[in-house]
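Please read the structure below before turning to the comments.
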Amino acid sequence: MLDTSYGLLSLERNSFAFFTQFKPWLRESSTIFPATFCANLKNGLEMIDLVPMSLLLAKLEVGEHFYWEIAGLKIHGQVFMTSWFVIALLLLFSVLATRKIERIPSGLQNFMEYGLEFIRDLAKGQIGEKEYRPWVPFVGTLFLFIFVSNWSGALLPWKLIHIPGGELAAPTNDINTTVALALLTSLAYFYAGFRKRGLGYFARYIEPTPILLPINILEDFTKPLSLSFRLFGNILADELVVAVLVLLVPLFVPLPVMILGLFTSAIQALIFATLAAVYIGEAIEGHGEEEHG
Amino acid sequence: MSWTLLLAVEEGGGLFDINATLPLMAIQFLILAVVLNKVFYSPLGDAIDERDGYVNSSIVGAKEKLAKAEKIAQQYEQELAESRRQAQAIIAEAQAEAEKVASSQIAAAQQEAQANKEQVQKEIDAQKASAFEVLEGQVASLTQQMLDKLLSAA
């Protein structure tokens with residue numbers, strides 16, 4: 001979709017390599033990554049040195065993908081590989097927790113019930129006591145999938161597993177995943193609104209006053225846009241910062257940033273799920289008389 | 001040469017490379033939501049609801065039992081007070097009866113004693129009277145004899 005190029009900048013001193021790729025517009029803003037910016041001065045297609053891949057302790061790749069072709073369609077293999085791992089992890093935990101359900105929970109069942117109660121409270125708080133139940137699976141899966149994805153990206157050394165192209169990372173690191181989740185959220189709140197209020201759902205576009213119609217319509221576009229880019233940007237930025245720090249100082253120094261990354265990852269999952277629930281709740285509740293009455 | 005630079009070009013790719021990954025990921029996510037609903041949300045949610053119901057019914061049952069126990073305790077207290085009062089009444093009654101019996105017996109005894117005394121008095125009086133009568137007879141006869149003697153002597 002955009003012009004791309006790939007860069008490998010290796011620091012010969014410590015034989016680290018720095019893989020990166022830049023958009024033209026990113027290139028203009030040298031303040032983001034000064035070091036890599038230098039590397040791109042030539043905008044070069046010129047190879048000066050190539051460090052053997054096996055020697056790389058840390059490298060950074062952005063925008064490089066491991067392509068699979070299915071029925072002529074290109075997909076990002078690395079995203080699916082890690083997402084399958086995340087899904088398998090979720091399913092494994094779910095199955096183990098519900099294998100033997102007891103009235104007095106213990107161990108894994110207790111833990112997963114805590115998670116479920118958390119999700120239910122989240123949905124209940126935003127959608128409302130009456131309507132929240134059918135939305136628990138959607139909001140909950142959003143939260144769990146994003147949360148486990150983010151943490152797997154932050155905790156597991158995916159990069160040690162070499163794949164032919166790109167590198168393994170959190171599935172939420174890819175714009176496709178976040179846009180997919182955001183569009184599903186949009187569909188979900190449209191569905192919720194139509195199911196609850198029928199065509200009267202459109203009345204919300206001219207509430208509280210028809211003057212706001214353009215802004216209300218615009219909101220339907222900004223919601224998925226902000227949802228997807230917030231998550232994508234946060235996770236990608238976190239991984240970039242950690243990777244750059246690891247590149248510069250491989251020991252101990254990146255740890256605080258990694259811990260901060262865990263924190264932001266969890267927060268991003270919470271924000272995404274909460275906002276999805278808010279949008280659904282908004283669509284169900286409407287801005288009309290029910291609110292004031 | 002401290003900086004080395006490699007820039008490779010590959011067709012496609014990039015940060016914002018949106019392709020078939022998007023719909024497939026969406027479908028995959030929906031399937032995950034459905035499956036998780038089957039194996040996680042539904043069973044554990046049911047378990048939580050069932051436990052809530054159980055706890056609530058237990059609380060209601062416990063409250064009922066507590067109310068019942070309190071009622072029974074109150075009833076017991078009432079009965080205890082009632083019994084105490086009854087006991088007091090019985091004691092008082094018994095005491096009154098005993099006093100009555102005692103006083104009546106005392107009165108009877110006094111009456112009897114009085115009667116005896118009066119009878120004895122009467123007997124004493126009668127004997128006294130008869131004794132006086134006898135004495136009077138003897139006095140008369142003695143007086144007669146003395147008179148006779150005096151008269152005969154003269």
Take every residue in peptide A:100-106, count the Cβ atoms of other chains within 10 Å of its Cβ, and give the average of those counts. 3
Would you mind computing, in nm to one decimal, how far apart the modelled labels at residue B:153 and residue B:64 are, each placed 7 Å from Cα along Cα→Cβ? 12.8 nm
Within 15 Å, Cβ to Cβ, of residue A:154, how many net charges do the neighbouring residues add up to if Lys/Arg are +1 and Asp/Glu are -1? -2
Rounded to the nearest 500, what is the 222 nm mean residue ellipticity of chain B from helices alone, with -39500 (n - 2.57) per DSSP H run of 4+ residues and division by all residues? -31500 deg cm²/dmol
So the FRET efficiency between residue B:51 and residue A:133, C-beta based with R0 = 22 Å and rounded to 0.05, is 0.85
Could you work out the equivalent-ellipsoid semi-axes for the range B:63-137, taking the square root of 5 times each eigenvalue of the Cα gyration tensor, largest first, in whole Å? 70, 4, 4
Can you put A:68, A:84, A:135 in order of accessible area, largest first, using a 1.4 Å probe? A:84, A:68, A:135
By a straight-distance test (C-alpha under 20 Å), which lysines pair with residue A:130 as possible cross-link partners, with residues fewer than eight away in the same chain excluded? A:196
Using amide H atoms built 1.01 Å from N in the peptide plane, name the residues 5+ places from residue A:74, or on other chains, whose amide H lies under 5 Å from its own. B:20
In nm, the gap between the two label points placed 7 Å beyond Cα toward Cβ at residue A:237 and residue B:19 is 2.8 nm
Rounded to whole Hz and in sequence order, give me ³J(HN,Hα) for the range A:196-204 from the Karplus expression 6.51 cos²θ - 1.76 cosθ + 1.60, θ = phi - 60°, writing x for Gly and Pro. 7, 10, x, 6, x, 4, 5, 4, 5
Could you name the lysines in cross-link range of residue A:159, using Cα to Cα under 19 Å and dropping any fewer than eight places away on the same chain? A:59
Spin-label point model (7 Å from Cα, Cβ direction): what's the residue A:255 to residue A:99 distance in nm? 3.5 nm
Tell me the chymotrypsin sites (Phe, Trp or Tyr not before Pro) within the range A:192-276 that lie in a loop according to DSSP and have at most 16 other beta-carbon atoms within 10 Å. A:252
Using the Karplus curve 6.51 cos²θ - 1.76 cosθ + 1.60 with θ = phi - 60°, what ³J(HN,Hα) values do you get for each residue of the range A:233-244, in whole Hz, with x for Gly and Pro? x, 5, 5, 5, 4, 4, 5, 5, 4, 4, 5, 5
Residues with amide H under 5 Å from that of residue A:67, placed H, sequence gap 5 or more: A:77
Treating each Cα of the range A:147-293 as an identical point scatterer and ignoring solvent, apply the Debye formula and state log10 I(q)/I(0) at q = 0.13, 0.21 Å⁻¹. -0.68, -1.23
Starting from the Kirkwood Rh over alpha-carbon pairs, what translational D in µm² s⁻¹ does the range B:1-152 have by Stokes-Einstein at 37 °C and 0.692 mPa s? 108 µm²/s
In sequence order, calculated HN-Hα J values of the range A:132-142 (Karplus, 6.51, -1.76, 1.60; Hz; x Gly/Pro): 6, 4, x, 9, 4, x, 5, 4, x, 5, 4
Can you give the accessible area of residue A:76 in Å² (nearest 10), computed on protein heavy atoms with a 1.4 Å probe? 0 Å²
Taking the range A:149-215 and dividing mean pair separation by its residue count, relative contact order in percent (alpha carbons under 8 Å, at least six apart): 18 percent
Hey, quick one: spin label on residue A:267, modelled 7 Å out along Cα-Cβ, who in the range A:214-242 has an amide N within reach, i.e. under 15 Å? A:230-239
Suppose R0 equals 60 Å; then what is the FRET efficiency for residue B:131 and residue B:95 from their Cβ-Cβ distance, rounded to the nearest 0.05? 0.70
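The values are calculated or read from the model by the stated rules, or taken from the named source; none is laboratory data. Quantities reported herein were computed from a predicted structural model and do not represent experimental measurements. Cβ atoms come from the backbone with ideal geometry, glycine included; neighbour counts cover every protein chain shown. Surface areas here come from the heavy atoms of the whole protein model, side chains and all, with no ligands, DNA or RNA. Shrake-Rupley method; radii C 1.70, N 1.55, O 1.52, S 1.80 Å.
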